[in-house]
Amino acid sequence: LPGTSVGEHKEPRSSEHGELTTPHTKEHGKEHKGGGGHTGSILGLGHHSSSSYHKGGHHHGYGKPPEGLERARRPGIIPSAEKVAQDSKNFAARHQGSIPAIPTETTTPQVPELFRGALRERGKIDEAATDYLPAEKATRALEAEVGWDGERFDKDPSVVEGLRSMGGLSTSGVSAAAVLGNLPKYMDVVIPSIRDLDFLNEWRQFLEGFHLILVQDGDPDKYLAIPDWADYELYNRRDVEAALGDRSWIISQRDASVRNFGFLVSRKKLVYTVDDDCRPAVGPDGQLVNVLVEHARNLLSPSTPYFFNTVYDPFRDGSDFVRGYPYSLRAGVATAVSHGLWLHNYDYDAPTQLLKVDERNERYVDATVTVPKGVLYPLCSMNVAFDRELIGPAFMQGLMGTGQPWARYDDMWAGWASKVVADHLGLGSKTGHPYIKHNKASNPFTNLMKEYKGLEWQEDVTRFLDTVQLSQAAARDAGTAYIELSWRVHETLGKLNPYFQRLGLAMRTWVEVWREAQQGQVKFVPSRRGSQATGAHAGPVAHDRAARPPDARSATSRALRASV
């Protein structure tokens, strides 16, 4: 210790305020003041004698601070507390009438001031204290009043309970039961497919009552069998072209990104999309997981993109923010995307599939995390939900399939681009729970053919999106931000391949169509509609564009043969 000869030991002692001091701090306090050293009860480690402790106004052994130290600051992620509060007010004003967040018993930004107020009522606090605990007396008084037996209150807990009810825990908003119990009112389900949809029977206990928007890829004359219990509308390529006319090219063909059309059709706040080779997963409790409810929980509770919480999502039951998490950030931000994972077959690319042909995931990790601001992630659309009001115009699956140089990156593009936009708008994206079971791994050689250019391009595309800076004017809404991003794609990635100029145009056209659709200027008429469709889901059907069932075709054929 400074002021102590080598081999000599002096016990530290308590001061009148209860902190630890050494003989050195008492003897050399004046020397430290104004000389660049420490004052008070700071233990100066790494020095063996007082003669070597203070030299030239700086600690000997540490040298001088580097030049320009005050200017050495990197751009930060964490916004100021004032900006967080203002963004929250602006968001609330823009989204009045939307579904309120589901209340959770999570600590709020008001906690420090609530406790400061309670302590100030019970004792004087020296806020300028530098060498003792300023709230010791007030805290001891509060403890004596409330009582503490080592695990719980044992006298009068009403003070702390009052702090909870005064805003210490977040309990505002409609109840979870009110929203989740009536979830079909707020959420549509979009499914792309090229085959019969009998797989829906395995989802019946969760999907019955929800409105399904089915988008048929491939041959529009192929009849898809659909369970009778389903409330659905089905759109094929003819329906797409009838609705969008010469802009229908932005909806991919022979690619799962045809689900984009279902996103346009939906009018609900939330959309969940799933693939036809997915089934409900068994959770850690041995029960089938209701992914629609769990995705809704993720979307209707805040995200925490500015600071990572080490026990994952603090808004899930039985969790909260851990010690050291800034209270100013605990309100979180609105969640735009909920990305779920998969049991059995991972969403691997072709090379990984070929190198790990036998790998299967049998572990359900019951955790959800917010993807931090400034970090991109690979999104898979076979189990994902999003908030159309917040991010819909920026959640376009990339232009892929027939006539395009790559495929199987449609959902990757949606994840990367929507994350750039979400970060710019101050929105969050979650990943993890809930899981589905991915039954069928696609052909890795077919995938390799589709992914060939993507294996190279993803290196350039992700680095571009990692560094692109959108303007403040683009922070108005997701559509405006996506249009600006489209021009950056056109100008920068267009140099990589002309395809990206086409993609940029598709992005701008998509936002144009999206806005028209929201205003009712695009007429969506399905070629088939389920018999269970009622109310807003009932409507006209374009029978002339529909594929005929096999029995109808055979009956027509028999009639023709008979007439001959």
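The values are calculated or read from the model by the stated rules, or taken from the named source; none is laboratory data. Just so we're clear, the structure is a prediction, and the values are computed from it rather than from any experiment. All Cβ positions, glycine included, derive from the backbone under ideal geometry; neighbour counts span all protein chains shown. Side chains included, ligands, DNA and RNA excluded: accessible areas come from the protein's heavy atoms. Shrake-Rupley method; radii C 1.70, N 1.55, O 1.52, S 1.80 Å.
Surface exposure of segment 329-428, expressed per residue as accessible area with a 1.4 Å probe, stands at 31 Å².
Taking 7 Å steps out from each Cα toward its Cβ at E67 and F445 produces label points 6.5 nm apart. Seen from V468, the other residues with C-beta closer than 11 Å to its C-beta sum to a net charge of -2, counting Lys and Arg as +1 and Asp and Glu as -1. Once the 1.4 Å probe is applied to the protein heavy atoms, segment 149-214 comes out at 51 Å² accessible per residue. Annotation for segment 81-150: GluC sites (Glu not before Pro) lying in DSSP loop with at most 12 further Cβ atoms inside 10 Å of their Cβ are E121, E127. Can you send over the carbon and sulfur percentage of the accessible area for segment 326-460, probe radius 1.4 Å, protein chains only? Carbon with sulfur: 55 percent of the solvent-accessible area. Taking the alpha carbon gyration tensor of segment 126-230, multiplying each eigenvalue by 5 and rooting it gives semi-axes of 61, 17, 12 Å, largest first.
When the pairs K89/K268; K269/K419; K373/K450; K222/K356 are compared against a 26 Å limit on Cα-Cα distance, K373/K450; K222/K356 fall above it. Could you tell me whether segment 346-458 comes out rounded, prolate or oblate from its Cα gyration tensor? Rule is a ≥ b ≥ c as square roots of the eigenvalues, rounded for a/c under 1.5, then prolate if a/b exceeds b/c, otherwise oblate. Cα axes put segment 346-458 in the oblate bin. Length gained on full extension, A178 to R463: 98.3 nm, using 0.36 nm per residue less the C-alpha separation.
Each Lys or Arg adds one and each Asp or Glu subtracts one; over the other residues with Cβ under 9 Å from the Cβ of W148, this totals -2.
Restricting the trypsin sites (Lys or Arg not before Pro) of segment 342-408 to loop positions (DSSP other than H, G, I, E, B) with no more than 13 neighbouring Cβ atoms within 10 Å leaves K356, R360, R363. Only aspartates and glutamates eight or more places from K523 in sequence, or on another chain, were considered; those with a Cα closer than 19 Å are D188, E233, D239, E241, D246, E512, D544. Protein heavy-atom surface of segment 79-169, 1.4 angstrom probe: 53% of the accessible area is carbon and sulfur, with nucleic acids and ligands not counted. Sparse packing (at most 10 other Cβ atoms within 10 Å of the Cβ) combined with a DSSP loop state is found for the following trypsin sites (Lys or Arg not before Pro) in segment 94-189: K124, R152.
When you count the other C-beta atoms within 10 angstrom of each residue and take the mean per peptide, 438-445, 487-494, 462-469 line up highest first as 487-494, 438-445, 462-469.
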